[in-house]
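Peer 1: One structure, pasted below without further comment.
The values are calculated or read from the model by the stated rules, or taken from the named source; none is laboratory data. Just so you know, these numbers come straight off a predicted model, no measurement behind them. Every residue, glycine among them, receives a Cβ derived from its backbone with ideal geometry; neighbour counts consider all protein chains shown. Heavy atoms of the whole protein, side chains included, go into the accessibility calculation; ligands, DNA and RNA do not. Shrake-Rupley method; radii C 1.70, N 1.55, O 1.52, S 1.80 Å.
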Amino acid sequence: MCLFCKIVNKEIPANIEKESEDFLAFHDINPKAPVHLLVIPKQHFDSFNDVPPEVMAAMTTFIQELVDHVDIKASGYRLISNIGENGGQEVKHLHWHVLGGTKLRFGHFTDADPKDFL
Ligand code: 5GP
Ligand code: ZN
């Protein structure tokens, strides 16, 4: 069973911010912003590549309610889902990072020299 499935099953503790029948939002253990939540479907999908669109549709509502609940809806935030090897995905259970609570810099998206792409 994957790490996030263990969090769903409450086998591993997490600081849970919001829970519904189908989704869970909890605080990232290594926050990169004042607000750094992870949102997952309780059902296991390896990544965004595998998620049915109807699950994403329901997850959209869950995330919209979550950002309202943690009071970052108006100030703004960033959603990121890392996918696969080049995306830098470490946990192979679909998750959205919700980052906010400060003005976010536009990050570091490659370790390569951008000139290599020219
Ligand atoms: P990824 O790199 O796969 O997009 O992101 C995985 C995220 O999960 C990382 O930001 C990491 O800090 C977080 N993480 C890894 N293990 C745990 C854990 O046991 N608990 C929580 N709450 N977050 C975790
Ligand atoms: Zn899983």
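Peer 1: Filter the GluC sites (Glu not before Pro) in segment 7-59 to those in DSSP coil with at most 13 other Cβ atoms within 10 Å of their Cβ, and list the result.
Peer 2: For GluC sites (Glu not before Pro) across segment 7-59 that sit outside H, G, I, E and B with at most 13 neighbouring Cβ atoms in 10 Å, the list reads GLU11, GLU21.
Peer 1: Could you please state how large a percent of the accessible area of segment 3-103 is carbon and sulfur, counting protein chains only and using a 1.4 Å probe?
Peer 2: 49 percent
Peer 1: Return the calculated 222 nm mean residue ellipticity for the chain, to the nearest 500 deg cm²/dmol, obtained by summing -39500 (n - 2.57) across DSSP H runs with n ≥ 4 and dividing by the residue count.
Peer 2: -6500 deg cm²/dmol
Peer 1: Which one, ILE83, VAL8, VAL98, is farthest towards the positive end of the dipole of the chain when Lys and Arg carry +1 and Asp and Glu -1 on their Cβ?
Peer 2: Checked the options; the winner is VAL98.
Peer 1: Among all lysine pairs in segment 8-117 that are eight or more places apart or on different chains, how many have alpha carbons less than 25 angstrom apart?
Peer 2: 16
Peer 1: For segment 51-96, give the magnitude of the charge dipole about the Cα centre (Cβ charges: +1 Lys/Arg, -1 Asp/Glu; no others), in debye to the nearest 20.
Peer 2: Value, rounded to 20: 80 debye.
Peer 1: Over the chain, give the accessible area per residue in Å² for a 1.4 Å probe, as an integer.
Peer 2: Value returned for the chain: 66 Å² of accessible area per residue.
Peer 1: Still on this structure, please answer the following. Roughly how much of LYS92 is accessible, in Å² to the nearest 10, using a 1.4 Å probe?
Peer 2: Roll a 1.4 Å probe over it and LYS92 shows about 110 Å².
Peer 1: Can you put ARG78, ARG105 in order of accessible area, largest first, using a 1.4 Å probe?
Peer 2: Per-residue accessible area, sorted high to low, gives ARG105, ARG78.
Peer 1: Quick one: Cα centre-to-centre distance for segment 1-30 and segment 58-92, in angstrom?
Peer 2: 14 Å
Peer 1: Something else about it: Mind checking the dipole of segment 3-103: about its Cα centre, +1 per Lys or Arg Cβ, -1 per Asp or Glu Cβ, Debye to the nearest 20?
Peer 2: Using Cβ point charges on Lys, Arg, Asp and Glu, segment 3-103 gives about 320 debye.
Peer 1: Provide, for q = 0.24 Å⁻¹, the log10 of I(q)/I(0) from a solvent-free Debye sum over equal Cα point scatterers in segment 17-118.
Peer 2: Treating every Cα as an identical point scatterer, log10 I(q)/I(0) equals -1.37.
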